[in-house]
1. Right, residue 24: closer than 25 Å to residue 235 by Cβ and either of a type in the set (Ser, Thr, Tyr) or touching a residue at least 12 places away in the same chain (Cβ under 8 Å) (or both) or not?
2. Residue by residue through the range 178-206, note down the ones that are exposed (fewer than 15 other Cβ atoms within 10 Å of the Cβ) and part of a loop (DSSP other than H, G, I, E, B).
3. Starting from the range 291-306, take each residue that is without any contact (Cβ under 8 Å) to a residue 60 or more places away in the chain and under 11 Å from residue 62 (Cβ atoms) and list its partners that are of a type in the set (D, E, K, R) and not in a helix (DSSP H, G or I), counting only C-beta distances under 9 angstrom and pairs at least six apart or across chains.
4. Considering only the range 219-250, state which residues are part of a strand (DSSP E or B), of a type in the set (Asp, Glu) and within 16 Å of ligand 2 (Cβ to nearest atom).
5. On the basis of being surrounded by fewer than 22 Cβ atoms within 10 Å (Cβ to Cβ), touching a helix residue (DSSP H, G or I) at 6+ places or on another chain (Cβ under 8 Å) and at pLDDT 95 or above, does residue 282 make the cut?
6. For the range 244-258, which positions are within 16 Å of ligand 1 (Cβ to nearest atom) and touching a residue at least 60 places away in the same chain (Cβ under 8 Å)?
7. Report whether or not residue 253 is within 16 Å of ligand 2 (Cβ to nearest atom) and either in contact with a strand residue (DSSP E or B) (Cβ under 7 Å, 6 or more places away or on another chain) or not in a strand (DSSP E or B) (or both).
8. Looking only at residues in the range 115-139 that are under 25 Å from residue 212 (Cβ atoms) and surrounded by fewer than 18 Cβ atoms within 10 Å (Cβ to Cβ), which one is nearest to ligand 1 (Cβ to nearest atom)?
Amino acid sequence: MTASPPVLLDTHLPHLFYRGKVRDIYDLGRWLPADAGPPLLLMVATDRISAFDAVLPTGIPHKGGVLTQLSAFWFQRTAHLMPNHFVALVDRDWLAARAEALSAAGLSPRKLGLLAGRAMVARRAERIEVECVVRGYLAGSAWEEYRKRGSVSGQALPPGLRESQRLPQPLFTPTTKADSGHDQPITPAELVGLVGEATAHALEAKSLGLYAYAHEYALKQGIIIADTKLEFGRIGGEMAVIDELLTPDSSRFWEAAAYAPGRSQPSYDKQPVRDWLVASGWDREPPAPPLPPEVVAQTSARYREVYRRLTGQGLG
Ligand SMILES: Nc1ncnc2c1ncn2[C@@H]1O[C@H](COP(=O)(O)OP(=O)(O)OP(=O)(O)O)[C@@H](O)[C@H]1O
Ligand SMILES: [Mg+2]
């Protein structure tokens, strides 16, 4: 086993564009003004982890690298299905090739070294303010709703389905993109009201297409993608996938060999973190308590394991 790199919780670089729960995003055009072309962002995935809508005080080693490199992997693999915002992975070579320009802009190579493997260059998009969720299996909040009302996101399903069972066909269950707090499910009519008929149709078709492709690919690697959340935007008027793609933060990944409907499945995401937080008795009001080292180590190992399983390679 390799030693863990230092955990990166925050970056403090010039020209911040946006700080999310997990990503620090910079305006790359201000770093490298000579690069003409569409506006570019430098998206840094930190090692921050959020659960129950709160960012935890403890970071997860390697998490940022997994999120960025796994997204890069999927963006490249799915580009034939749908354009996306990915331009390049920021690795040591990318940084070295631009060392002079970056230091002329006052960015020290030492500070930027922290970004290698965890940042990507992406084209800036106008966000479409919806979270496009696709569910292939009955899990999480979908299972809760089905148990109570026999439906998922208001869509009626056949009776007698069991927890974690594969759905007759994948469901598109979009939600609002809340600035804070919980995302709320939206009906097909509400989606049309928000984004218009043509975009609503495209969001659904593209989300289902990307899920179907990724589900089939992952299954060959022994991983079930139970559900996932996608974001779309417009770049130069064209619709594109943005943000992160098919990562453990945006998706439920299950071990296919251990899959057994009728119960919840152990998953490769932050479930151990959620379980520990629930058991700790935390009232879900910030600040969240720090995570114990064994939960951190277990979570880090799972993120890396799913990366290796899906890509067939170790983390770069
Ligand atoms: N190409 C892009 N152009 C513009 N914004 C983008 C692009 N890709 C992703 N984003 C936005 O960048 C942010 C990514 O940061 P992060 O994942 O940490 O945020 P989040 O906590 O999920 O979301 P938020 O902070 O918006 O609730 C998201 O708000 C996402 O919508
Ligand atoms: Mg996000």
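1. When the stated conditions are applied, residue 24 passes them.
2. If the condition is that a residue be exposed (fewer than 15 other Cβ atoms within 10 Å of the Cβ) and part of a loop (DSSP other than H, G, I, E, B), then 178, 179, 180, 181, 182, 184, 187, 196 are the ones that fit.
3. Between residues of the range 291-306 that are without any contact (Cβ under 8 Å) to a residue 60 or more places away in the chain and under 11 Å from residue 62 (Cβ atoms) and residues that are of a type in the set (D, E, K, R) and not in a helix (DSSP H, G or I), the close pairs are 302/269; 302/270.
4. At the first step, the residues of the range 219-250 found to be part of a strand (DSSP E or B) are 223-235, 238-242.
Still in the list and also of a type in the set (Asp, Glu): 227, 231, 238.
Hits for the range 219-250 are 227, 231.
5. On the way: surrounded by fewer than 22 Cβ atoms within 10 Å (Cβ to Cβ): yes; touching a helix residue (DSSP H, G or I) at 6+ places or on another chain (Cβ under 8 Å): no; at pLDDT 95 or above: yes.
It is false that residue 282 is surrounded by fewer than 22 Cβ atoms within 10 Å (Cβ to Cβ), touching a helix residue (DSSP H, G or I) at 6+ places or on another chain (Cβ under 8 Å) and at pLDDT 95 or above.
6. Within the range 244-258, the first condition is being within 16 Å of ligand 1 (Cβ to nearest atom), and the residues that meet it are 244-251.
Selection gives 244, 245, 246, 247, 248, 249.
7. Working: within 16 Å of ligand 2 (Cβ to nearest atom): no; either in contact with a strand residue (DSSP E or B) (Cβ under 7 Å, 6 or more places away or on another chain) or not in a strand (DSSP E or B) (or both): yes.
Criteria not met by residue 253.
8. By that ranking, first place goes to 127.
The values are calculated or read from the model by the stated rules, or taken from the named source; none is laboratory data. As the structure is a computational prediction, the values presented were derived from the model and not from experiment. Here Cβ is always computed from backbone atoms with ideal geometry, including for glycine, and neighbour counts include all displayed protein chains.
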